[in-house]
Every structure is written in structure tokens, then in C-alpha cells.
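First the structure, in the form of C-alpha cells, and then the observations on it.
The values are calculated or read from the model by the stated rules, or taken from the named source; none is laboratory data. Quantities reported herein were computed from a predicted structural model and do not represent experimental measurements. Cβ placement follows ideal geometry from the backbone for every residue including glycine, while neighbour counts extend to all protein chains displayed. Accessible surface is based on the protein model in full, side chains and every heavy atom, while ligands, DNA and RNA are left aside. Shrake-Rupley method; radii C 1.70, N 1.55, O 1.52, S 1.80 Å.
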Amino acid sequence: MVQARTVQARAAVLRQTNAPMTIETIEVGPLAAADVLVRVRAASLCHTDLEAIEGQLPVKLPAVLGHEAAGEVVAVGEDVAHPGVGDRVVLSWNPHCGQCFYCERAQPILCAQYLANGPQAFHFDGKPRLSCDAVPVYQLMYLGGFSEYCVVPAQSAIRVPDAMPFDRAALLGCGVMTGVGAATRIAELRWGGVALVIGCGAVGLSAIQGCRLAGAGAIIACDPSPARRQLASALGATHAVAPDEAETVALARSLTAGRGADVVIEAAGAPAGFRLSLEAVRPGGQVVWLGKTGVGEQVGFRWGSLMQEKRITRSSYGGARPAQDFPLLARAYLDGRLNLDDMISARIGLEDINEGFAALKRGETVRSVIMLGGEA
Ligand SMILES: [Zn+2]
Ligand SMILES: [Zn+2]
């Protein structure tokens, strides 16, 4: 056991929504008994952070965002059995109490205590782990990856092989897990099945790879950007189309003797995408909605498109079981079965974070990764 301690770290602090984050020196720690101190080596920029920056996801301030990150464990609390000091870890954004109604039913993504606290809360014990000039600082999802160091619950730090580069490891924690998991954990795509993936951002491109890993016979990628369609094809899509409903439905049917896609994964977060998913799936097929639209937005459907025993699942984390899935995803990368290299659009410094989010919002990047403490 390594003594719990407090360290100083440079971090991007959000003090006001819709304003740039500021790079500040914060105090990190001390550790509680079930915490680990992680030296963050890479943290990528996700749309959920952007929602927090813009106020659509309410967070208490000041806060350190960042929930897609990897690093190394440098200290552990006295009750922590694993991970250990020196372990390379990927952070999971689903802290769970282990004791509530949902945790007891193996649905930790719905942990009642976590959801009651909100994603911006301090840890389960209600105590802050970060501070700046003696003022407590919140950590998005109990993580706060946009910092040189963070204190997280031990359960949220999942060990991956030492050979896993930090920048590519970071991607596993949110977007890749969500997309691959939608195909492998939720959709139950069968060998030879036909899948349609709507939206080719980080989550959609990961869903395409998940369909490929699951043995899909054909994968249709749907995105307005020719560059994204090209990337989708490089990552495993067998067909690529612009988001025209009639054309996409016709293509799905042409590949399935007129039935429609066996599985449709929506990762665009657009009302038109949700509608298309129901039109394009076959009777008895599976629809997985990963995308998000505004919480107050109305989404309409043609009633007939809902008929015929179609199954719809809305998922935030692709049915993730991080302790099992992160090492599997890392193994798939190291074996050359999961392409993470081409999903990184840019490697940037912490001081470039605001421009990085602006580029994400403009749709210019799949993933920008902040590199901390040297190269991968
Ligand atoms: Zn719980
Ligand atoms: Zn995310």
C-alpha cells in the first residue's frame, strides 16, 4: 500500500458555462480508502464534455471535466486491492454504489445513488477530492480527466496491458466502448447479419467496428460527410451512403431480400436518424439508439414503422461492463482487430483544450486527444 497523499496538478477548470476553461494549478487528494490517484497521460474530447461546457448537461462549478482518459496509478487508498501502483488504467465514467436496486440487478449504469447525486457530484461520500485555493472543485463523473492527476474510485480505473499506448487507451473509456458495446453487448448481431450505422463520429465508427468484430455480413455506414464515409469504409463498412431516408432503406432492403437491416445503430443524435432507424430495420430486428438530442426536443415517428416486433434499446454506454470489456478492447487493438489509430484526429496540449472543443463542435475532428506528461 502506498500512502495516500495530495499532489498539485495543472488542470483545465470550467468556472462558467459557455466560457473558455482556464488552465490552473489545483490540489488533488487526499485519497479516501477506496480511491486511487491516477497520473493522467491522455484524455480525449467527447461531446458529453461539450454538453457540460454549454450547459445542456448541468454541472456544478468550478469543475474539471474529462471522462475519456487513461493514465497510470501512482497511489492507492488503504482498502484498494486493485488496480495497483504502476498499473496502466483506462477510466470508466460509470461509478456505481454496488448496493442499490439497479446495482443489485447488474445494471450499474442506472445506479440510483449515482444518478441521485448527479454526474457533477463529489464522490459517493460527498467529499471533494480536488480544490483550488481551498475552494472545492467538482469532477465530472467522479473523474476529471482534464488534469495531470485525478483521484477516482478504484472501481473506475480499469487495468489494461502495459503495451497499450495511453492515447489510444483513452478512447476505450467512452466512445469506443459505447459503439462497440452497442453491436456486441446489446444488438446481438449474428454472424452474417446486416447492420446499418447512422452517424460516423467516434461512437458510430466504433459501432461499425463492433459490427465487424461480431461477424456482420454487410455494414452500411450513413453520414453526410464524404470524409467520414471514407473513414467508415476503412474501418469496416461495406457500403456507405449519405443520409437520404429512401435511398438508405432501399439499400438495406436490397441486401436482405427486402426485409431491412437486422440491426440499426443510431449514433447521430438527430430526429431524422431516429426515424430512419425504425424505417430501415427489418420486422423483428433490433434498433439501438446511442445518439442524444436536446432533452426537451420532440421526436416523431411514422406509427407503422414501429410495428412488427421491433426492439428498441436506448443506451448510454453500450451495455458496458468496463472491468471485462476494457481489457478485451485493448486486446483487440493490440492484435490488430480494432483500429484506434485512425480515430485520433489530433494530439494536442492541455492549453489547446478550448480550440479542441471548438473543432469538435464544428465536426472537424473525430477525437482530439490531450497528451499529458510526454508521448504515449
Ligand atoms: Zn448503485
Ligand atoms: Zn463521452
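Ordering 43, 371, 213 by Cα displacement along the dipole of the chain toward the positive end leaves 213 in first place; charges were set at the Cβ atoms of Lys, Arg (+1) and Asp, Glu (-1). Residues of region 156-172 with an amide N closer than 15 Å to a point placed 7 Å from the Cα of residue 323 along the Cα-to-Cβ direction: 156-160. If the Kirkwood radius is taken over C-alpha pairs of region 263-367, then at 10 °C and 1.306 mPa s the Stokes-Einstein diffusion coefficient equals 95 µm²/s. Scoring 103-109, 91-97 by mean Cβ neighbours within 10 Å over their residues and listing the highest first yields 91-97, 103-109.
Relative to one another, the C-alpha centroids of region 83-119 and region 335-365 are positioned 26 Å apart. Shown for the chain: lysine pairs separated by 8 or more places, or found on different chains, whose C-alpha atoms are under 27 Å apart, numbering 5.
Think of a 1.4 Å ball rolled over the protein heavy atoms: the chain then has 40 Å² of accessible area per residue. Working from Cα positions, state the angle (0 to 90°, nearest 10) between the long axis of helix 271-280 and the longest principal axis of the chain. For 271-280 against the chain, the angle is about 50 degrees. If R0 is 35 Å, the Cβ-Cβ spacing of residue 134 and residue 81 corresponds to a FRET efficiency of close to 0.60.
May I ask you to give the percent of accessible area on region 59-99 that is carbon plus sulfur, with a probe radius of 1.4 Å? Carbon with sulfur: 42 percent of the solvent-accessible area. Let a ≥ b ≥ c be the square roots of the eigenvalues of the Cα gyration tensor of region 194-305; is it rounded (a/c under 1.5), or, if not, prolate (a/b larger than b/c) or oblate? Oblate shape, in that a/c is at least 1.5 and b/c is the bigger or equal ratio. Near residue 289, once Lys and Arg are set to +1 and Asp and Glu to -1 for all other residues with Cβ below 13 Å from its Cβ, the sum equals +4. Summary of the geometry: region 231-251 and region 169-184, compared by the centres of their Cα atoms, lie 21 Å apart. Placing +1 on the Cβ of every Lys and Arg and -1 on the Cβ of every Asp and Glu, with nothing else charged, gives region 68-227 a dipole about its Cα centre of roughly 500 debye.
Relative to the longest principal axis of the Cα atoms of the chain, the long axis of helix 322-334 makes an angle of roughly 70 degrees.
Peptide packing: for 244-250, 40-46, 30-36, the average count of neighbouring Cβ atoms within 10 Å per residue gives the ranking 40-46, 30-36, 244-250, highest mean first. Each label point was placed 7 Å from the Cα along the Cα-to-Cβ direction; for residue 22 and residue 331 their separation is 4.7 nm. Sparse packing (at most 15 other Cβ atoms within 10 Å of the Cβ) combined with a DSSP loop state is found for the following GluC sites (Glu not before Pro) in region 284-376: 297, 309, 364, 375.
Counting only alpha carbon atoms, the long axis of helix 245-254 and the longest principal axis of the chain meet at about 70°. Label region 1-125 by shape, choosing from rounded, prolate and oblate, from the square roots a ≥ b ≥ c of the eigenvalues of the Cα gyration tensor; if a/c is under 1.5 it is rounded, and otherwise prolate applies when a/b is larger than b/c, oblate when it is not. Note, shape of region 1-125 comes out oblate.
Here the accessible area is traced with a 1.4 Å probe on the protein chains. For region 229-376, carbon and sulfur cover 50 percent of it. The listed peptides 269-276, 181-188, 80-87, 170-177, ordered by packing as a protection proxy, come out as 170-177, 181-188, 269-276, 80-87 (highest mean of other Cβ atoms within 10 Å first).
The length gained on full extension between residue 309 and residue 60, counted as 0.36 nm times the residue separation minus their Cα-Cα distance, comes to 85.4 nm.
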